[in-house]
Amino acid sequence: MAFQIAEGEGRIFWAATDGSTTYYKGQIVTYMAAAKAVINGTVIPLAVPAGAADTTNFQIPAGIVIGFNRRYPRYVTVGGMQCEYDTGVVTSADQLAREWTGAEGMYVKGDPQVLVQIAEILPTTVIRGTFYNNAYGTAITELTHTSVADTTGMVTAAATLTACNFTPVTLLATIYCRKGTNSGLYRVTADTSTTVPDLVTGFPYNSIIGDTYVRVPAKQGVSYIYISGPGLYVNASLGLATNYFTVFCTKLNLETTGKEYMEFRFANQHFDNVRQ
């Protein structure tokens, strides 16, 4: 699963591609290329963030691809997932060789260029994005309590787990218990260790060897996330410290392996193309 609108959907409209890039269904696209560069066409796939709040790339989220003006869909494997896609073309011969259909809005149905249909992203749009571990379709590593008898509910670094997929930053990551007396509970972590979580608000019950958990580089509230793919998933291995998008997370769901997701909206600065 790539990205989808969870709440506050804007308009749906057709947009021109840049004539060369591959676009995927469920992909976030942007109006600007890296370093505020203007583009051919209307939108291109969202590149990875560069700098704090993407202040090197300055990309502006435009929307999520929900369709193409192809008569017959085509698919490709990206990472471990099947994706519907289309690739831009520029020459008249390549445009006329396509079998196209469906364009509306400012584009007449006889226009053979590659078009994408997008669901608009606004500053108020809540987006659902799946976490994957550094490749589209690769699940986050589940963690097991391996040693140290916890007597504090993981306060004061009281348990050792197998290593998580990222280096935590204090008060910006989340741990979720999947198996054990704390099953179903989320807590924000205060450590910078891949193996020894440390909580301020502890779990209500002690963790024992064999309990299982999952950790992600995000939390409900302000989160610094890394979107990869391009523009296809929230990377569970990156973000937090140097290169990230600033978002406001309203919900995490880490219950099921391979289906972990977050719901978030982009911070307002991502919609300002002259920000410094």
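The values are calculated or read from the model by the stated rules, or taken from the named source; none is laboratory data. The structure displayed is predicted, hence computed values, not measured ones. As a convention, Cβ positions derive from the backbone with ideal geometry for all residues, glycine included, and neighbour counts pool all protein chains shown.
Structural remarks
- Taken as a whole, the condition of being over 16 Å from the mean Cα position of the chain (by Cα) and not charged (D, E, K, R) does not apply to Y244.
- Any hit, the range 222-229, residues being in contact (Cβ under 8 Å) with a residue 60 or more places away in the chain, under 19 Å from G51 (Cα atoms), touching a Lys or Arg at 6+ places or on another chain (Cβ under 9 Å) and part of a loop (DSSP other than H, G, I, E, B): no
- Filtered residues of the range 140-186 (kept if in a loop (DSSP other than H, G, I, E, B), in contact with a strand residue (DSSP E or B) (Cβ under 7 Å, 6 or more places away or on another chain), in contact (Cβ under 8 Å) with a residue 60 or more places away in the chain and crowded, with 18+ Cβ neighbours inside 10 Å): I140, P168, L172
- Residue within the range 63-70 that is surrounded by 20 or more Cβ atoms within 10 Å (Cβ to Cβ), in contact with a helix residue (DSSP H, G or I) (Cβ under 9 Å, 6 or more places away or on another chain) and either in contact (Cβ under 8 Å) with a residue 40 or more places away in the chain or part of a loop (DSSP other than H, G, I, E, B) (or both) present: no
- Yes/no for A97 being farther than 30 Å from A236 by Cβ, of a type in the set (A, V, I, L, M, F, W, C) and touching a residue at least 40 places away in the same chain (Cβ under 8 Å): no
- Under the condition of being surrounded by 21 or more Cβ atoms within 10 Å (Cβ to Cβ) and modelled with pLDDT under 95, the residues counted in the range 1-56 number 1.
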